[in-house]
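Colleague: Take this structure, written in structure tokens, and hold onto it; I'll ask about it next.
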């Protein structure tokens, strides 16, 4: 039988499914019209992964609700999250859950809908939208079923009480993620693409290459084109208003591997190149301002791309990337000669306490060999007072934190030209 366990700051994403309401008798007898109401799950991608942070009940059509009469105890929110693919006997999946979500506030949005704010935080179990299957090393979008129970009637401004007979779950809304469109290359590699709001003239392109856990699991016919955006803020960081201002409006493309980049980087490189070529052809991309950034597996792949295409990129930012062999004593994934031949401006990032990809034989070794490369080496990964695993140094790049002589990494990238 599958074992369900939790872990701190799990990379957790899911789409909504239908959910019903078990209405307490006391509320059902409170009077007023019985109504059907749809609700939407509102999510945000934290540094440790996406979480459902609130629920919006489409109550505006019921009438003008009195906001002063809303209380946190008026509704109960129950959440159940399960894997979309079977879990093998004895395997482990992190972040499945079946629990009540604490309601921290109840308010009206500008449309007159009731919004139930939910308790959430970095590392908090019970709100994530992704689950991590241990044997596969993959994040999968959890199937989310939310059940809303009304404990007392809504009160309208005219004093009438309204009781809802059934709540029906709608979709998952995350504006940052939803801003990325969907694409599939001719070779079959899926990707997400963000387009800048200001598109006068040619704009730069940032290529984000995800970590190992965000690829597909095709033996299970699972290829979601979602996890590379929802597992962390790597790609999303470059679509924020701050980043867009620094780059003068940038396209951001996030391909998703059919497995994991380190499985066969030389095979994946032409597929990524095909996506870049297609985006450049269809959009107003400046071919002299294409930047590649990646974390962990993607950190390796960002270096592999500059080896395979030395004239393509204006800059490369490999984060906790891998260059040493996956097998003890095996050949390096990127040879010393290949590293020494990289002439793409490169800024490497890692944390000394990374116990997943040791920095000395990987990031530091690459820095020693790549001519003119820069290095930001942190002691720990801490943001907003929360300490993350040392491997998660991509958090710093997603927040434009690495700096050399007062110049931060996004500004440095934006200055580079191929």
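What follows is calculated from the coordinates using simple rules that are stated; it is not laboratory data. What you are looking at is a predicted structure, and each value in this text was computed from that prediction instead of being measured. As a convention, Cβ positions derive from the backbone with ideal geometry for all residues, glycine included, and neighbour counts pool all protein chains shown.
Colleague: How much length would be gained if the chain were fully extended between residue 158 and residue 36, taking 0.36 nm per residue of separation minus their Cα-Cα distance, in nm to one decimal?
Modeller: 41.8 nm
Colleague: A further question on this structure: Using only alpha carbon pairs under 8 Å that are at least six residues apart, calculate the relative contact order of the range 323-382 and give it in whole percent.
Modeller: That works out to 37 percent.
Colleague: When only C-alpha pairs under 8 Å and at least 6 residues apart count, what is the relative contact order of the range 61-192, in percent?
Modeller: Here the relative contact order equals 27 percent.
Colleague: Pop a pseudo-label 7 angstrom from the Cα along the beta-carbon direction at both residue 273 and residue 335 and give the gap in nm to one decimal.
Modeller: About 1.8 nm separates the two model spin labels.
Colleague: Within 10 Å of each residue's Cβ, count the other Cβ atoms and sort 191, 300, 120 from fewest upward.
Modeller: Values: 191 24, 300 28, 120 19.
So the residues, fewest neighbours to most, are 120, 191, 300.
Colleague: Another question, if that's okay. So, in nm, how far is label residue 418 from label residue 80 when the simple model puts each one 7 Å beyond its Cα toward the Cβ?
Modeller: A separation of 5.1 nm, rounded to one decimal place.
Colleague: Moving on to the next point. The chain: percent of C-alpha pairs farther apart than 38 Å?
Modeller: Counting every Cα pair in the chain, those more than 38 Å apart make up 27 percent.
Colleague: Assuming a ≥ b ≥ c are the square roots of the Cα gyration tensor eigenvalues, decide whether the range 177-415 counts as rounded (a/c under 1.5), prolate (otherwise, with a/b larger than b/c) or oblate.
Modeller: Taking the square roots of the gyration eigenvalues as a ≥ b ≥ c, the range 177-415 is rounded.
Colleague: Let me ask something else. Assuming R0 = 56 Å, can you tell me the calculated FRET efficiency for the pair residue 220 and residue 407, based on Cβ-Cβ distance, to the nearest 0.05?
Modeller: Result of the calculation: an efficiency of 0.80.
Colleague: First measure r as the distance between the Cβ atoms of residue 352 and residue 166, then evaluate 1/(1 + (r/R0)^6) with R0 = 45 Å and state the FRET efficiency to the nearest 0.05.
Modeller: 0.25
Colleague: Rounded, prolate or oblate for the range 300-418? Axes are the square roots of the Cα gyration tensor eigenvalues, ordered a ≥ b ≥ c, and the cut-off for rounded is a/c under 1.5.
Modeller: Oblate is the answer for the range 300-418, as a/c is 1.5 or above yet b/c matches or exceeds a/b.
Colleague: Compute the Cα gyration tensor for the range 135-247, then decide on rounded, prolate or oblate, letting a ≥ b ≥ c be the square roots of its eigenvalues: rounded whenever a/c is under 1.5, prolate when a/b is larger than b/c in the other cases, and oblate in all that remain.
Modeller: Oblate, since a/c reaches 1.5 and b/c is not below a/b.
Colleague: Still on this structure, please answer the following. Just need the relative contact order of the range 177-415 here, percent rounded to a whole number, with Cα pairs under 8 Å and 6+ apart.
Modeller: Reported relative contact order: 18 percent.
Colleague: Also, quick follow-up: Hey, fewest Cβ within 10 Å first, where do 176, 117 land in order?
Modeller: 117, 176
Colleague: For the pair residue 124/residue 328, report the inter-label distance in nm, with labels modelled 7 Å from Cα in the Cβ direction.
Modeller: 4.3
Colleague: Still on this structure: Grab the DSSP H runs of the chain that are 4 residues or longer, score each as -39,500 (n - 2.57), total them, divide by all residues and round the 222 nm result to the nearest 500 deg cm²/dmol.
Modeller: On the way: 11 runs with 76 residues, N = 418.
Per the formula, -4500 deg cm²/dmol.
Colleague: Of 104, 53, 129, how do they rank once you tally other Cβ atoms within 10 Å and put the fewest first?
Modeller: 104, 53, 129
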